[in-house]
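Structure first, commentary second.
The values are calculated or read from the model by the stated rules, or taken from the named source; none is laboratory data. Keep in mind the model is a prediction, meaning the values are calculated, not measured. Virtual Cβ from ideal backbone geometry, glycine too; neighbours counted across all protein chains shown. What goes into the accessible areas is simple: the full protein's heavy atoms, side chains included, and nothing from ligands, DNA or RNA. Shrake-Rupley method; radii C 1.70, N 1.55, O 1.52, S 1.80 Å.
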Amino acid sequence: DAFTRDTIESYEALVETIGFAIAERRSRAALRERVKELTCLYNIARVVEDSRENLDASLELIAAALPPAWQFPGIAVARIVLDETEHATAGFEAVRSRQVADIVVNGVCRGKVEVGYVEAVPHAISDPFLLDEEHLVEAVARGTRRTTRS
């Protein structure tokens, strides 16, 4: 009996509106992340298409294309190791948390693709990496496998 029927209906309408606003914001954030990931894959495809003869140059450009696709691109770095040759973005040695996918060719692990953060991510984040980012690093490793089948 503390609230009138009109007050309750107003609060219910307000809560519903806030719920829609939160869902909209989450959808937009998810869409922004998908756009970054697709842009990364497109850039990698262009690198592979443009530099088929020079694997080292391609891997260097692919490593550079990875950090902008992550949730926190300002603190993201990447490294691709293939047959003991390393291709890393600046600052990779300071990585605090990372995602890794192995590059396996004909059943033999020949290297790995890593993306990590050089600083702690915001405290509100329980896992600094998105599931889609895990899929992306694995897709890059699979693509590298196909590039190195020789």
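Its Kirkwood hydrodynamic radius, worked out from the mean inverse distance over all distinct Cα pairs, puts the range 46-150 at 14.0 Å.
To the nearest 20 debye, what charge dipole does the chain have about its Cα centre, counting +1 at the Cβ of each Lys and Arg and -1 at the Cβ of each Asp and Glu?
Numbers: 18 positive and 25 negative charges, 95 e Å.
That gives a dipole near 460 debye.
Protection proxy ranking for 54-66, 85-97, using the average of other Cβ atoms within 10 Å per residue and placing the highest first: 54-66, 85-97.
Can you tell me what the convex hull of the Cα atoms of the range 29-94 projects to on average, as an area in nm²?
Numbers: hull surface 19.1 nm².
Over every viewing direction, the Cα hull of the range 29-94 projects on average to 4.8 nm².
Here the relative contact order of the chain, from alpha carbon pairs under 8 Å that lie six or more residues apart, stands at 17 percent. Given R0 = 41 Å, the distance between the Cβ atoms of Phe20 and Ala45 translates into a calculated FRET efficiency of 0.65. Can you find, among Phe72, Ser10, Ile125, the residue sitting farthest towards the positive end of the charge dipole of the chain, where Lys and Arg contribute +1 and Asp and Glu -1 at Cβ? Value computed over the given set: Phe72.
For the pair Glu86 and Ile125, a Förster radius of 35 Å applied to the C-beta separation gives a FRET efficiency near 0.80, rounded to the nearest 0.05.
Given the -39500 (n - 2.57) contribution per DSSP H run of 4+ residues, what per-residue ellipticity at 222 nm results for the chain, rounded to the nearest 500 deg cm²/dmol?
Working: 3 runs with 74 residues, N = 150.
When only DSSP H runs of four or more count, the value is -17500 deg cm²/dmol.
Taking the centroid of alpha carbons for each part, the range 2-39 and the range 60-87 are 35 Å apart. Surface composition of the range 1-119: carbon and sulfur atoms hold 54% of the protein heavy-atom accessible area at a 1.4 Å probe. Sorting 28-36, 127-135, 16-24 by their mean Cβ neighbour count within 10 Å, with the most densely packed peptide first, gives 127-135, 28-36, 16-24.
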